[in-house]
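Taking it in order: structure first as structure tokens, then the write-up.
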Amino acid sequence: MTPMSETGGDAVLAIDQGTTSSRAILFDSAMRIAGVGQEEFPQHFPRSGWVEHDPDDIWSTTAATMREAIERAGTDAERIAAIGITNQRETTLVWDKETGRPIHRAIVWQDRRTAKFCEAQKAAGVEPMVVEKTGLLLDPYFSGTKLAWMLDNVEGARAKARDGKLLFGTVDSYLIWRLTGGRVHATDATNASRTLLYNIREGRWDPDMLALLDVPEAMLPEVRDSAGDFGTTRRDLFGRAIPILGVAGDQQAAVVGQACFRPGMLKSTYGTGCFALLNTGETPVVSRNRLLTTIAYQIDGTPHYALEGSIFIAGAVVQWLRDGLKLIREAAETQTLAEQAADDHGVYLVPAFTGLGAPYWDAECRGAIYGLTRATGPAEVARAALESVAFQTRDLLEAMHKDWAASASGGAETVLRVDGGMTANDWVMQFLADILGAPVDRPEVLETTALGAAWLAGMKAGLYPDQAAFGEGWALDRRFAPRLDADLIDRRYAGWRDAVARTLVQGRESRPE
């Protein structure tokens, strides 16, 4: 007999709104994928280091893919017990409270336009207070400075904001607003923890951070649990009102989908960027290695924390090989090219196209290639691009292990659970295991981000099992164990560190005084 939820229905629709595409996946009562819809949308680059999205593209592709997933599953809205949302984090939207119209394109998480503001605030000695309250660093990556930029640069925006006429949200908030017909302006604790405005220890919008960025609190959404009530959809969208019961930022949703519920568990997601999170339990751990302290998920009012390292360019480097250099026609070709290059080819690509993230946090440096010779060809460049993802992951995990070992809770686990589009590339996963000198576990369900959002909503609806049972159901597809010579790996990683050091120096030297 098919189980039914408390809300009626035996399936969950997960929205996975990403940086380059919107997706929707319908999961059945056993959390198996029944239907998928996906649609890419345009990226806008008005200046170097600036990245924007059209909010209408975000909404229209989301709505279209939801309908497509339902249709491909051969079902209808009556069978859907709940909707879960996971989203690109930090991307910032501001819209008119009355008309719902955005006042500007969405400013994407990769955008670096507020770098000078962040540097000025660091010079003023503000960053320690920011770290203590938000767990974040002063960097253009986060929503708060993007929001301040909009209020400062869109004519009349600050006055309208002070008059309570504008609303701010990350992508989840914007979608909830559109799905509910403007009845609900809310976010969850994981997305709130990425805004630079939320006190992760006190669980509230922080007045000092609001004052620093001159943001009126009336603009901000209500913060709720990741498994919580976010209202119901407009009836005209799907023919019935469907409850929205789960929300989490994409990397936190992957923590949930990977069942990394135990302190010390590690996961890394490889999409446009790469994001590694280490569960630290109910205690926030302050990093001494320029990592982030963030909320991993919040259930029944209790936040669970994580250390996070963020790499801005992972899968995006493959897009660059395809669309920028025209070296490949499709992503799968990179594995063949990489296999043609020698293990000691000596080429390093530092993909700092929009600066470097953790643990370097340099918004101004830009990408570089080192070690080019007459023998260098497409195979070496493609391999260096793929290797950069593994090298950056090791940078993150070494910093994480130092922070976790220094905490009261002890050492982290040595196995890394991975997910995201790049994990389908066996060559990349094997090289990652070699560089880390540790096993890399790829799950049977690679759609862990969407699965995490679906489980949050389905668990809240009474359709899916509790946390313990969900964790026990995690299934391994393949374990990649280290096999390259350790001396070769040490030399290759030392070369990477040298390449990064050179890139950082060049970035400093190229900056205007």
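If you plug the beta carbon distance of residue 479 and residue 208 into 1/(1 + (r/R0)^6) with R0 = 41 Å, you get a FRET efficiency near 0.35. Only Lys, Arg, Asp and Glu carry charge here, each on its Cβ (+1 for the first two, -1 for the last two); on that basis the chain has a dipole of about 700 debye about its Cα centre. Ligands, DNA and RNA left out, the 1.4 Å accessible surface of segment 169-269 is 44% carbon and sulfur atoms. Residue by residue, segment 136-141 carries 3J(HN,Hα) couplings of 10, 9, 7, 8, x, 3 Hz when phi is fed to the Karplus relation 6.51 cos²θ - 1.76 cosθ + 1.60 (θ = phi - 60°); x denotes Gly or Pro. The alpha carbon radius of gyration of segment 194-234, expressed as a multiple of 2.2 N^0.38 Å, is 1.36.
Adding -39500 (n - 2.57) for every DSSP H run of four residues or longer, then dividing by how many residues the chain holds, sets the calculated 222 nm ellipticity at -10500 deg cm²/dmol.
Charging the Cβ of each Asp and Glu at -1 and of each Lys and Arg at +1, and nothing else, the dipole of segment 235-303 about its Cα centre rounds to 140 debye. Peptides 487-498, 79-90 ranked from most to least packed, by the mean per-residue count of other Cβ atoms within 10 Å: 79-90, 487-498.
For segment 99-220, what is the charge dipole size about the Cα centre, in debye to the nearest 20, if Lys and Arg each add +1 at the Cβ and Asp and Glu each add -1 at the Cβ?
My answer is approximately 460 debye.
Distance from the alpha carbon centroid of segment 15-64 to that of segment 449-477 works out to 22 angstrom.
Across segment 196-208, rounded Karplus estimates of 3J(HN,Hα) from the backbone phi angles (6.51 cos²θ - 1.76 cosθ + 1.60, θ = phi - 60°) give 6, 10, 10, 7, 6, 8, 8, x, 7, 4, 8, x, 5 Hz, Gly and Pro being marked x. Between residue 101 and residue 290, the simple spin-label model (points 7 angstrom out along Cα→Cβ) gives 4.3 nm. Scaled against 2.2 N^0.38 Å for its residue count N, the alpha carbon radius of gyration of segment 82-241 is 1.03. Can you pull the percent of segment 386-483's accessible area that's carbon plus sulfur, 1.4 Å probe, other chains left in place? About 48 percent, which is the carbon plus sulfur part of the accessible surface.
For residue 488 and residue 127, the FRET efficiency from 1/(1 + (r/R0)^6), where r spans their Cβ atoms and R0 equals 35 Å, is about 0.35. For segment 159-234, the gyration tensor built on C-alpha atoms gives an oblate shape. Its axis ratio a/c (a ≥ b ≥ c) is at least 1.5, and a/b is not larger than b/c. Tell me, what are the semi-axes, in whole angstrom and largest first, of the equivalent ellipsoid of segment 44-84 as set by the roots of 5 times the Cα gyration tensor eigenvalues? Taking √(5λ) for each eigenvalue gives 32, 10, 7 Å, largest first.
Please find the FRET efficiency linking residue 402 to residue 117, where r is the Cβ-Cβ separation and R0 is fixed at 41 Å, and quote it to the nearest 0.05. Can you show the working numbers first?
On the way: r = 30 Å, r/R0 = 0.73.
Computed FRET efficiency for residue 402 and residue 117 comes out at 0.85.
Compute the convex hull volume of the Cα atoms of segment 105-163, divide it by the residue count, and report the result per residue in Å³ as a whole number.
98 Å³
Toward the positive end of the charge dipole of the chain, with +1 on the Cβ of Lys and Arg and -1 on the Cβ of Asp and Glu, the farthest Cα among 415, 171, 248 is that of 171. Taking a ≥ b ≥ c as the square roots of the eigenvalues of the alpha-carbon gyration tensor, segment 173-287 is classed oblate because a/c is 1.5 or more while a/b is no larger than b/c. Distances between placed amide hydrogens fall under 5 Å for residue 205 paired with 199, all partners being 5 or more residues away or on another chain. Projected onto planes of every orientation and averaged, the convex hull of the alpha-carbon atoms in segment 341-491 covers 11.6 nm². Across the options 25, 104, 12, the greatest Cα extent toward the positive end of the charge dipole of segment 1-141 (unit charges at beta carbon of Lys, Arg, Asp, Glu) belongs to 104. Normalised size of the chain, defined as Cα radius of gyration per 2.2 N^0.38 Å with N residues, equals 0.93. As a fraction of the 1.4 Å probe accessible area of segment 1-134, surface on carbon and sulfur atoms comes out at 48 percent.
Residue separation of residue 76 and residue 426 scaled by 0.36 nm, minus their Cα-Cα distance, works out to 122.3 nm of gained length. Packing-based ranking of 21-27, 176-182 yields 21-27, 176-182, ordered from highest to lowest mean Cβ neighbour count within 10 Å.
Legend: residue pairs 97/160; 97/460; 116/146; 122/146, Cα-Cα distance threshold 19 Å; pairs beyond threshold, 97/460.
Our summary gives segment 43-199 a relative contact order of 26 percent, counting only alpha carbon pairs under 8 angstrom and 6 or more residues apart. Solvent-accessible surface of the chain, averaged per residue with a 1.4 angstrom probe and all protein chains in place: 37 square angstrom. The order of the peptides 250-259, 152-161 by mean Cβ neighbours within 10 Å, most packed first, is 250-259, 152-161.
The values are calculated or read from the model by the stated rules, or taken from the named source; none is laboratory data. Not measured: the values here are computed from a predicted model. Glycine also receives a Cβ, built like all others from the backbone with ideal geometry; neighbour counts cover every protein chain displayed. Heads up: the accessible areas ignore ligands, DNA and RNA and are worked out on the full protein's heavy atoms, side chains in. Shrake-Rupley method; radii C 1.70, N 1.55, O 1.52, S 1.80 Å.
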